[in-house]
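What follows is a short report on a single structure.
The values are calculated or read from the model by the stated rules, or taken from the named source; none is laboratory data. Computed from a predicted structure; not experimentally measured. Backbone-built Cβ (ideal geometry, glycine too); neighbour counts: all protein chains shown.
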Amino acid sequence: MSSKIIKFLKYLNSLPFNFTVKHYYPFGETTASVMDGKFNSPEAWDALRVSHPHFSITSERESWVRQCELGINKDGQDGHLNARAVEIVDLLKANKFTSIHSVGVGGAALEYHIKRLCPNIRMTVSEFAPKNVEMLKRVFHECDSVIQFDLLSKDWSMWGGDEHYCVMMYRVDTSLTDEQWRDVFQNMYESQVLNVLYIPAAFLTLKYLYRRTKSNILCKLLQRDISFAGYFRTKTVFESFWASKYQEHELKFCGMNGFLLKRTGS
């Protein structure tokens with residue numbers, strides 16, 4: 001197959017236009033404990049953190065550390081978590097970032113590895129579900145600050161105006177609508193947040209869309225309940241969130257696409 005054909009197929013697979021689809025996930029029996037089966041509230045995520053094996057967070061320090069170090073599959077993580085943390089630390093050091101605020105951390109396994117590799121960096125982690133925050137306070141002793149914070153907050157000024165500060169958003173993209181994400185970047189821009197490391201769960205591609213559709217159909221055939229769990233979107237949709245506000249530098253982190261975003265203008 002010629003290189004031109006391969007290049008065209010890759011271009012076609014990337015879905016080079018704005019396209020966002022709803023994401024559904026078979027949460028199982030946990031869905032019964034959540035209103036309407038929608039996981040878009042602090043109460044819903046607290047229910048998952050307590051009861052769902054894939055999303056739960058242990059309140060025992062030793063068990064949590066073991067999960068982080070063994071790379072146990074939690075929150076959609078993969079076996080490259082430690083290596084990904086190494087690459088992120090290299091990026092932080094290369095840009096002379098001395099502080100980081102990681103938003104929507106879930107079990108904070110990635111953040112644990114970042115702090116282990118770079119103990120001198122000042123780290124704040126946040127979640128918007130209160131029980132999640134309390135669990136992290138009990139186990140993540142290395143972290144400088146664990147706080148409750150909502151991505152949709154208008155005020156990001158606590159992390160604004162400092163060229164050595166970086167806000168990290170790792171795999172939190174599915175939680176919000178396109179309009180909400182545009183608001184988030186507008187709020188960060190107005191709050192003078194200068195640096196953002198944005199690593200989405202995935203770009204929506206033709207192949208990925210096929211696999212998701214196939215999975216949803218299979219769940220229906222097997223009469224397995226699936227619940228609305230957010231959104232997947234193409235690369236061009238992501239880029240529209242920060243257009244004219246942040247200059248993007250596209251990067252790779254052990255197979256995951258990401259962006260280092262630097263605020264434009266005065």
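Any idea which residue in segment 1-19 is nearest to the chain's Cα centre (by Cα), counting only those that are free of Cβ contacts under 8 Å to residues at least 12 places away in the same chain and surrounded by 11 or more Cβ atoms within 10 Å (Cβ to Cβ)?
Leu9
Say whether the condition of being hydroxyl-bearing (Ser, Thr, Tyr), surrounded by 13 or more Cβ atoms within 10 Å (Cβ to Cβ), modelled with pLDDT under 75 and more than 19 Å from the chain's Cα centre (by Cα) is met by at least one residue in segment 35-47.
As a first pass, look at segment 35-47 and keep what is hydroxyl-bearing (Ser, Thr, Tyr): 41.
Keeping just the survivors that are surrounded by 13 or more Cβ atoms within 10 Å (Cβ to Cβ) gives 41.
Those still in the list that are modelled with pLDDT under 75 too: 41.
In the following step, the residues that additionally are more than 19 Å from the chain's Cα centre (by Cα) were identified as none.
No, segment 35-47 has no match at all.
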Given the conditions (1) in a helix (DSSP H, G or I); (2) at pLDDT below 85, report the number of the one that Asn73 does not fulfil. (1)
Yes or no: Phe203 farther than 30 Å from Ile226 by Cα and not hydroxyl-bearing (Ser, Thr, Tyr)? no
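Report whether or not Thr124 is of a type outside the set (A, V, I, L, M, F, W, C), under 19 Å from Val196 (Cβ atoms) and part of a helix (DSSP H, G or I).
Values: of a type outside the set (A, V, I, L, M, F, W, C): yes; under 19 Å from Val196 (Cβ atoms): yes; part of a helix (DSSP H, G or I): no.
Criteria not met by Thr124.
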Just for segment 125-148: of the residues that are under 15 Å from the mean Cα position of the chain (by Cα) and under 27 Å from Ala94 (Cβ atoms), which one is surrounded by the fewest Cβ atoms within 10 Å (Cβ to Cβ)? Ser126
For Val237: the one exception among (1) in contact with a strand residue (DSSP E or B) (Cβ under 6 Å, 6 or more places away or on another chain); (2) outside any helix (DSSP H, G or I); (3) closer than 19 Å to Ser175 by Cβ; (4) of a type in the set (A, V, I, L, M, F, W, C): (2)
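Mind checking which residues of segment 109-121 are free of Cβ contacts under 8 Å to residues at least 60 places away in the same chain and either under 18 Å from the mean Cα position of the chain (by Cα) or assigned to a loop (DSSP other than H, G, I, E, B) (or both)?
Correct list: Ala109, Glu111, Tyr112, His113, Ile114, Lys115, Cys118, Pro119, Asn120, Ile121.
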Which residues, taken from segment 243-266, are closer than 14 Å to Val193 by Cβ and of a type in the set (A, V, I, L, M)? Leu260, Leu261
Within segment 194-224, how many residues turn out to be surrounded by 16 or more Cβ atoms within 10 Å (Cβ to Cβ), assigned to a loop (DSSP other than H, G, I, E, B) and not hydrophobic (A, V, I, L, M, F, W, C)? 2
Within segment 127-153, of all residues that are in contact with an Asp or Glu (Cβ under 9 Å, 6 or more places away or on another chain) and under 21 Å from Val196 (Cβ atoms), the one modelled with the lowest pLDDT is Phe128
Condition first: at pLDDT below 95 and in a helix (DSSP H, G or I). Can you find one or more residues in segment 94-108 that meet it? no
Anything in segment 234-251 that is surrounded by fewer than 20 Cβ atoms within 10 Å (Cβ to Cβ) and free of Cβ contacts under 8 Å to residues at least 60 places away in the same chain? List them, or say none. Glu239, Ala243, Ser244, Gln247, Glu248, His249, Glu250
With respect to Thr264, determine if the residue is of a type in the set (Val, Ile, Thr), farther than 26 Å from Gly79 by Cβ, touching a residue at least 40 places away in the same chain (Cβ under 8 Å) and surrounded by fewer than 19 Cβ atoms within 10 Å (Cβ to Cβ). no
Pairs returned, first residue in segment 167-184 that is in a loop (DSSP other than H, G, I, E, B), second residue that is not hydrophobic (A, V, I, L, M, F, W, C), beta-carbon separation under 6 angstrom, 6 or more apart or interchain, are Val172/Gly104
Selection from segment 244-266 of residues that are among the hydrophobic types (A, V, I, L, M, F, W, C) and outside any strand (DSSP E or B): Cys254
